[in-house]
Amino acid sequence: MENCIFCRIIKGEIPSAKVYEDEYVYAFKDINPATPVHVLVVPKMHISSLEGLNDENIENVVHIHRGIKKVADITGIKNEGYRVIVNCGESAGQTVFHLHYHVLGGTKLSEKII
Ligand code: 5GP
Ligand code: ZN
């Protein structure tokens with residue numbers, strides 16, 4: 001996926017502020033943070049969106065959730081709490097079509113989701 005910006009970030013072709021990495025996931029600070037802690041957790045495998053998950057790649061969800069917990073620990077928001085958002089498709093505001101989970105925290109978040 002040579003034109004995918006997140007694939008290029010994972011390969012190191014585009015710089016990013018890495019927070020956590022393992023064999024399956026890469027986590028880095030969002031370039032335009034919405035909250036004091038705003039980290040994107042992405043599978044290293046290119047999957048276009050939540051709708052791109054299937055029986056062959058669904059195990060990435062486990063790795064992503066493990067990565068989210070690592071990110072919450074590393075960034076110090078584990079105990080106070082945090083929100084995880086996945087935008088799926090254009091109506092939801094997905095702009096980068098490589099599956100990514102927003103991990104948001106470091107402040108008191110609105111009780112409303114939208
Ligand atoms: P979406 O709207 O697709 O759910 O979220 C895409 C996110 O990726 C946005 O919050 C945007 O700020 C972030 N983003 C887009 N391009 C880059 C980039 O080159 N580097 C980083 N670190 N974040 C990016
Ligand atoms: Zn990609």
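Counting only residues that are touching a residue at least 40 places away in the same chain (Cβ under 8 Å) and in a loop (DSSP other than H, G, I, E, B), which one in segment 1-16 is nearest to the chain's Cα centre (by Cα)?
So, considering only residues that are touching a residue at least 40 places away in the same chain (Cβ under 8 Å) and in a loop (DSSP other than H, G, I, E, B), the one nearest to the chain's Cα centre (by Cα) is CYS4.
Considering segment 54-94 alone, what residues qualify as being of a type in the set (Val, Ile, Thr), part of a helix (DSSP H, G or I) and either under 18 Å from THR35 (Cβ atoms) or over 12 Å from the mean Cα position of the chain (by Cα) (or both)? It would help to see each step written out before you state the result.
The initial filter retains those residues of segment 54-94 that are of a type in the set (Val, Ile, Thr), namely 58, 61-62, 64, 68, 71, 74-75, 77, 84-86.
Those left that are additionally part of a helix (DSSP H, G or I): 61-62, 64, 68, 71, 74.
Those that are of a type in the set (Val, Ile, Thr), part of a helix (DSSP H, G or I) and either under 18 Å from THR35 (Cβ atoms) or over 12 Å from the mean Cα position of the chain (by Cα) (or both): VAL62, ILE68, VAL71, ILE74.
Of everything in segment 17-57 that's closer than 21 Å to GLY93 by Cβ and free of Cβ contacts under 8 Å to residues at least 24 places away in the same chain, which residue is farthest from ligand 2 (Cβ to nearest atom)?
Selected residue: PRO33.
Return only the number of the condition from (1) on the phi < 0 side of the Ramachandran plot; (2) modelled with pLDDT of 95 or more that GLY93 does not satisfy.
Going through the list (1) on the phi < 0 side of the Ramachandran plot; (2) modelled with pLDDT of 95 or more, GLY93 breaks only (1).
Sort out which residues of segment 95-114 are away from ligand 2 (no atom under 16 Å from the Cβ), part of a loop (DSSP other than H, G, I, E, B), open to solvent by less than 80 Å² (accessible area, probe 1.4 Å) and β-branched (Val, Ile, Thr), and write them in order of number.
THR107
Mind listing whichever residues of segment 1-16 are within 11 Å of ligand 2 (Cβ to nearest atom) and out of contact with any His (no Cβ under 6 Å at 6 or more places or on another chain)?
GLU2, ASN3, ILE5, ARG8, ILE9, ILE10, LYS11
Hey, any hits in segment 21-29 for a residue that's surrounded by fewer than 18 Cβ atoms within 10 Å (Cβ to Cβ), assigned to a strand (DSSP E or B) and more than 10 Å from ligand 1 (Cβ to nearest atom)? It would help to see each step written out before you state the result.
From segment 21-29, those surrounded by fewer than 18 Cβ atoms within 10 Å (Cβ to Cβ) are 21-24, 29; that's our starting set.
With the extra rule that they be assigned to a strand (DSSP E or B), the set shrinks to 21, 29.
Narrowing the set further to residues that are more than 10 Å from ligand 1 (Cβ to nearest atom) leaves 21.
Yes, segment 21-29 contains a residue that is surrounded by fewer than 18 Cβ atoms within 10 Å (Cβ to Cβ), assigned to a strand (DSSP E or B) and more than 10 Å from ligand 1 (Cβ to nearest atom).
Can you tell me which residue is most open to solvent (accessible area, probe 1.4 Å) among those in segment 32-53 that are in contact with a strand residue (DSSP E or B) (Cβ under 9 Å, 6 or more places away or on another chain) and assigned to a loop (DSSP other than H, G, I, E, B)? Don't jump to the end; show me each part of the working.
Within segment 32-53, the first condition is being in contact with a strand residue (DSSP E or B) (Cβ under 9 Å, 6 or more places away or on another chain), and the residues that meet it are 32-44.
Now restrict to residues that are assigned to a loop (DSSP other than H, G, I, E, B): 32-36, 44.
Details: ASN32: 117, PRO33: 78, ALA34: 78, THR35: 20, PRO36: 99, LYS44: 64 Å².
The qualifying residue most open to solvent (accessible area, probe 1.4 Å) is ASN32.
Being away from ligand 1 (no atom under 16 Å from the Cβ) and out of contact with any Asp or Glu (no Cβ under 6 Å at 6 or more places or on another chain) is true for just one of ASN87, ASN57. Which residue is that? It would help to see each step written out before you state the result.
Numbers: ASN87 fails: away from ligand 1 (no atom under 16 Å from the Cβ).
Going through ASN87, ASN57 in turn, just one is away from ligand 1 (no atom under 16 Å from the Cβ) and out of contact with any Asp or Glu (no Cβ under 6 Å at 6 or more places or on another chain): ASN57.
The values are calculated or read from the model by the stated rules, or taken from the named source; none is laboratory data. Please read these numbers as outputs of a predicted model, since none were measured by experiment. Ideal geometry is used to build each Cβ from the backbone, glycine not excepted, and the neighbour counts take in all protein chains shown. Ligands, DNA and RNA are excluded from the accessible area calculation, which covers all protein heavy atoms including side chains. Shrake-Rupley method; radii C 1.70, N 1.55, O 1.52, S 1.80 Å.
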